[in-house]
Amino acid sequence: MEIRVMSFNLRYDKPDPGNHAWKVRKQAVAALITHYSPDLIGTQEGQSHQLLDLHRLLPNYQSVGSDRTGTDTGEYCAIFYRTERLRCLRTQDFVLSDTPEIPGSISPAWGNPIPRMASWAEFAVAGEARTVTLLNTHLDYKSVQARELGVKLIRNRIGRSELAESYLFLTGDFNADPGTLPREMLKSPLSNGVTLHDALTGIELEHQLSFHDFTGQASAAIDTIYYDSRVSLQNVCIDTEQWLGNWPSDHFPVVANFVSTGLNPDIERNNRD
C-alpha cells in the first residue's frame, strides 16, 4: 500500500488584511492541495465556510469532523480524504478535556483558555485489505499541561486494541517543538503495540520549521505527521513555496509519502491471543 498524507493548518478566517484574507488565498490552498493530491489531509483551524469553499474547489475530496464548540461556529480539525481511493468506515470527534464526549468542554485544571479537540476516522483503501486510520488534532498554544494531558488522551484513544488492525497516522498543529514532552510522549509505544514515528525526525531542525506568520521565514517546528512503524516513510517535505503568488496560510504544510511493509509479528501474535 502506498499513501500520501498532508498536515495543514489553514489559518482561520480572522479575517486577515490584503492577500492574507481567506477570500484571496483560498485559491492558493486549493492549488497546493491539487498539486500534491494527498490521499488524506489533516487540517486545523478551518471554519465551516472555509471548508465549504475547499469542497467547491476540490470536488475529488470529502471531509469528516465537527468543530470544537459543537455549534458549527468554531474551528474544525477536519479530515479531508480523496474519495476515488478512500471510503470512510467510521469517524468520531472528542474534546481534549476531562469530559471528552461533551463538545466545547474545558477542564479548568488543564489551563487551556479555549476548547481543544481531535477528530479521527478509519478508511477503506481501494484494492487494499488493510484500512488506514488518521487522527488529527490541534493542541493548545498556551498551556503546557493542556498539551501533555491532551496527548495522553489521544494516546489512550488510538491505543485501543481494535485499531491495531489499521495503519495509524497522526497529524496536527502540536504547538510544541521537537524534543518537548508532548512530542516525545507521542513516540512511546501505544498500549495496542503500535509505535508512531515522527516523519520529520531525520531532517535538520531548521528545515522542520513550519509556522511563518505569512512572512515566508518560519520560526517554529510545530506541525508534523506521525506514522505507524509498520509502514515505511518514503519521503517528506515542508512546502515553503507561494502558490498563485500568495502564501496559502501562515503555516507551511507537511507532506509525506508512505508504503506498507507488513504487520509487526508481535502485534499479530497479540491479536491472535
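The values are calculated or read from the model by the stated rules, or taken from the named source; none is laboratory data. As the structure is a prediction and not an experimental result, all values here were calculated from the model. Methodologically, a virtual Cβ is constructed for each residue, glycine included, from the backbone with ideal geometry; neighbour enumeration extends over all protein chains shown.
Go through (1) crowded, with 24+ Cβ neighbours inside 10 Å; (2) part of a helix (DSSP H, G or I) one by one and return the number of the condition residue 170 breaks.
(2)
For segment 132-155, name all the residues that are small (Gly, Ala, Ser), out of contact with any strand residue (DSSP E or B) (no Cβ under 9 Å at 6 or more places or on another chain) and assigned to a helix (DSSP H, G or I). Give the derivation first.
Initial filter on segment 132-155 (small (Gly, Ala, Ser)): 143, 146, 150.
If we keep only those that are out of contact with any strand residue (DSSP E or B) (no Cβ under 9 Å at 6 or more places or on another chain) as well, we get 143, 146.
Within segment 132-155, just 146 meets the criteria.
So is residue 232 touching a strand residue (DSSP E or B) at 6+ places or on another chain (Cβ under 8 Å), surrounded by fewer than 19 Cβ atoms within 10 Å (Cβ to Cβ) and either more than 22 Å from residue 8 (Cβ to Cβ) or of a type in the set (A, V, I, L, M) (or both) or not?
yes
For segment 115-131, does any single residue satisfy the condition of being assigned to a loop (DSSP other than H, G, I, E, B) and farther than 22 Å from residue 6 by Cβ? Give the derivation first.
To start, the set of residues in segment 115-131 that are assigned to a loop (DSSP other than H, G, I, E, B) comprises 115-116, 126-131.
Among the residues that remain, those that are also farther than 22 Å from residue 6 by Cβ are: 115, 129.
Yes, segment 115-131 contains a residue that is assigned to a loop (DSSP other than H, G, I, E, B) and farther than 22 Å from residue 6 by Cβ.
Conditions: (1) of a type in the set (A, V, I, L, M, F, W, C); (2) over 15 Å from the mean Cα position of the chain (by Cα); (3) within 24 Å of residue 257 (Cα to Cα); (4) at pLDDT 95 or above. Residue 163 meets all but one. Number of the miss?
So the condition that residue 163 fails would be (4).
Can you tell me which of (1) outside any loop (DSSP other than H, G, I, E, B); (2) surrounded by fewer than 21 Cβ atoms within 10 Å (Cβ to Cβ) is the one residue 187 doesn't meet?
If we test residue 187 against (1) outside any loop (DSSP other than H, G, I, E, B); (2) surrounded by fewer than 21 Cβ atoms within 10 Å (Cβ to Cβ), just (1) comes out false.
Which residue pairs have Cβ atoms under 6 Å apart, sit 6 or more places apart or on different chains, and have a first residue in segment 182-194 that is within 15 Å of residue 221 (Cα to Cα) and a second that is of a type outside the set (S, T, N, Q)?
Matching pairs, first to second residue: 182/147; 182/148; 182/151; 182/176; 183/176.
Need a quick list: strands (runs of 3 or more DSSP E) entirely within segment 1-72 having at least 2 residues that are at pLDDT 95 or above and in contact with a His (Cβ under 8 Å, 6 or more places away or on another chain). Break it down into steps so the answer makes sense when it comes.
Numbers: elements: 2-9, 40-44, 61-64.
Once the strands (runs of 3 or more DSSP E) in segment 1-72 are filtered for at least 2 residues that are at pLDDT 95 or above and in contact with a His (Cβ under 8 Å, 6 or more places away or on another chain), what remains is 2-9, 61-64.
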